[in-house]
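The values are calculated or read from the model by the stated rules, or taken from the named source; none is laboratory data. None of the values given here were measured: they were computed from a predicted structure. All Cβ positions, even for glycine, are placed from backbone atoms using ideal geometry, and neighbour counts span all protein chains on display.
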Amino acid sequence: MISLSTKTRYNERGNMLFMILLAVVLIAALSAAVMSGGSPESSNIDDETLAIKASEVQRYASELERAVFFAMQNGLSESDLRFSHPDAHADYGDLSADTDKTDQIFHRDGGGAAYRAAPSDINDGSAWEFYGGTHLPGAGSDKADLIAVLPNVTAAFCTKINALNNQAASPTDTGAVAASGSNPGSCLHVGALGRFDAAQQFYTTVNTVDETTFAQDYSGAAARTALQACVTCSLDSENHFYHVLMTR
């Protein structure tokens, strides 16, 4: 005959086995939930990082714009501005050789801007460039504007920065003419020939982007003013971020 205490022990063992099995099921379910939720979470983190880097680029572009404004307060003409720096391409000039640095954007006596590389992983490592060969939608007159260009940015960065600028479409710089002589060519990323320096400032032949590919105003008759965006150039099939430093 089985005693009451023996029955109790059997019941306790049964309950313990049930609890262990339940714990195993719950752990398996939790692991599955974590694994299935891992990818979206990682994607969100990547997107947040991209948004942070896009905001960093925007802040720096605004710093460059302010520096141009500060330098112009020294009584310079628009063609006097210089972008020399030891870390910049030599085409922009030798900062140490300039006796009057009030025209230098990257010097405390001029614009006072810091020279910074682009954040990692948003382009191919190309440095900022400065050109006077393109007119952007709604920017001043029809003359070429002074712009900062961050070349060869990724498609993901291009999409993010355009979303921040309410550019729902994919702005395009069309044409297949390379820069040469007095012609800036068909891409706002003009290249070595167009670097804003002592030899080359503003072009009289002006590159114009395809304004129909930019966000349109409410009437749909013209593109909204676009002082900052990312465009795809037909010439090189690359994405380039720009920011207008000075309209003309």
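Figures for the structure shown
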| read-out | value |
| --- | --- |
| Qualifying residue in the range 212-220 (condition: of a type in the set (G, A, S), in contact (Cβ under 8 Å) with a residue 40 or more places away in the chain and either part of a loop (DSSP other than H, G, I, E, B) or surrounded by fewer than 24 Cβ atoms within 10 Å (Cβ to Cβ) (or both)) | yes |
| Test: R224 is basic (K, R), more than 23 Å from M72 (Cα to Cα) and in contact (Cβ under 8 Å) with a residue 24 or more places away in the chain | yes |
| Residues located in the range 217-248, provided they are under 13 Å from the mean Cα position of the chain (by Cα) and among the aliphatic types (A, V, I, L, M) | A229, V231 |
| The range 68-91 residues that are within 12 Å of Q104 (Cβ to Cβ), paired with ones that are part of a strand (DSSP E or B) and at pLDDT 95 or above (beta carbon under 6 Å, 6 or more apart) | V68/L245; V68/M246; R82/Q104; F83/F130; S84/Q104 |
| Residue match in the range 135-142 (condition: part of a loop (DSSP other than H, G, I, E, B) and farther than 25 Å from T208 by Cβ) | no |
| Within the range 85-126, considering residues that are in contact with a Ser or Thr (Cβ under 8 Å, 6 or more places away or on another chain) and outside any loop (DSSP other than H, G, I, E, B), the one surrounded by the most Cβ atoms within 10 Å (Cβ to Cβ) | Q104 |
| Checking S170 against (1) modelled with pLDDT of 95 or more; (2) in contact with a strand residue (DSSP E or B) (Cβ under 8 Å, 6 or more places away or on another chain), the condition it does not meet | (1) |
| Among residues of the range 195-211, those that are surrounded by 15 or more Cβ atoms within 10 Å (Cβ to Cβ) and either within 18 Å of the chain's Cα centre (by Cα) or closer than 18 Å to S141 by Cα (or both), counted | 9 |
| Residue in the range 49-72 that is among the polar types (S, T, N, Q), surrounded by fewer than 20 Cβ atoms within 10 Å (Cβ to Cβ), modelled with pLDDT of 95 or more and touching a helix residue (DSSP H, G or I) at 6+ places or on another chain (Cβ under 8 Å) present | yes |
| Leading residue by the ranking (surrounded by the most Cβ atoms within 10 Å (Cβ to Cβ)) among those in the range 179-194 that are outside any loop (DSSP other than H, G, I, E, B) and small (G, A, S) | G194 |
